[in-house]
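First the structure, in the form of structure tokens, and then the observations on it.
The values are calculated or read from the model by the stated rules, or taken from the named source; none is laboratory data. Please read these numbers as outputs of a predicted model, since none were measured by experiment. Cβ placement follows ideal geometry from the backbone for every residue including glycine, while neighbour counts extend to all protein chains displayed.
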Amino acid sequence: MGIATLQGYGLTETSPVLTAENDKNICYGSVGFPLVNVEIKIDNPNEQGIGEVIAKGPNVMLGYYEMENETKEVLKDGWLYTGDLGYLDKKGHLFITGRKKNVIVLKNGKNVYPEEMEIMINNLPYVAESMVFGYPKDDDLIVSTKIVYNEDYIKEKYNNIQEKELYEMIWKDIKEKVNKFLPNYKHIKKLIISNEPMIKTTTQKIKRFEEIKKIVND
């Protein structure tokens, strides 16, 4: 389109930018370099180098107004613990992989990051929205997904397809277009489909834990 787009990353608590690309330095998939006077580190990285993104700089907040306990949870020794997971490459580019609270920790110790899988699922043309989560079973979690399909697209493309046929078609796509490109421990093993929108915040973000509770209770 002839319009240059650059990525950046930040939070309200950081006024609001921590990292950004520029015209001379673009690394696809990353959110750029730390700004001048901003420090970025990865706390407690795993074997892949992924850990919580923490930041220090003059733009980091002093604390939440009249919320001392909440401030202590996120500000430690001048570092802001963002709650986001990511890694730094050898050149210092920051890559965001998900939210710390959303990580699915399996019994075998492996971590599954829902966001990376949701990107793949959302690329399927009939998907309106999706959520990858750990469905509790015994003392472990089953990597699962709930997909809300676009009813208009399904009707136009597949006419009078029955719910069972639709489920089987989507399940086949999950196996061939998602699982096939992931290591075994990340494979989706349970599928839920619906045409009803998921529970969301006022900013249209899925309320994951409310949605999971609803699914498990149903």
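Being out of contact with any helix residue (DSSP H, G or I) (no Cβ under 9 Å at 6 or more places or on another chain), among the hydroxyl-bearing types (Ser, Thr, Tyr) and surrounded by fewer than 16 Cβ atoms within 10 Å (Cβ to Cβ) is a description that does not apply to residue 158.
For region 66-83, the set of residues classified as over 26 Å from the mean Cα position of the chain (by Cα), farther than 15 Å from residue 56 by Cα and among the charged types (D, E, K, R) consists of 66, 68, listed by residue number. Just one of the listed residues (184, 111) is polar (S, T, N, Q) and more than 19 Å from the chain's Cα centre (by Cα), and it is 184.
Out of all the residues in region 179-205, which are polar (S, T, N, Q) and surrounded by 11 or more Cβ atoms within 10 Å (Cβ to Cβ)? Result: 179, 194, 195. When the test is whether a residue is assigned by TED's automatic domain parsing to the domain that holds residue 72, closer than 24 Å to residue 67 by Cβ, acidic (Asp, Glu) and modelled with pLDDT of 95 or more, residue 39 does not pass it. Please verify whether residue 29 is part of a strand (DSSP E or B) and under 17 Å from the mean Cα position of the chain (by Cα), treating the condition exactly as stated. It is false that residue 29 is part of a strand (DSSP E or B) and under 17 Å from the mean Cα position of the chain (by Cα). Got a number for residues in region 10-34 being over 16 Å from residue 91 (Cβ atoms) and surrounded by 13 or more Cβ atoms within 10 Å (Cβ to Cβ)? Final tally of qualifying residues: 7.
Does residue 74 qualify as being touching a residue at least 12 places away in the same chain (Cβ under 8 Å), more than 20 Å from residue 16 (Cα to Cα) and of a type in the set (A, V, I, L, M)? Spelling it out, it is not the case that residue 74 is touching a residue at least 12 places away in the same chain (Cβ under 8 Å), more than 20 Å from residue 16 (Cα to Cα) and of a type in the set (A, V, I, L, M). Restricting region 35-63 to residues that are within 19 Å of the chain's Cα centre (by Cα) and over 21 Å from residue 77 (Cβ atoms) leaves a set whose member that is surrounded by the most Cβ atoms within 10 Å (Cβ to Cβ) is 50.
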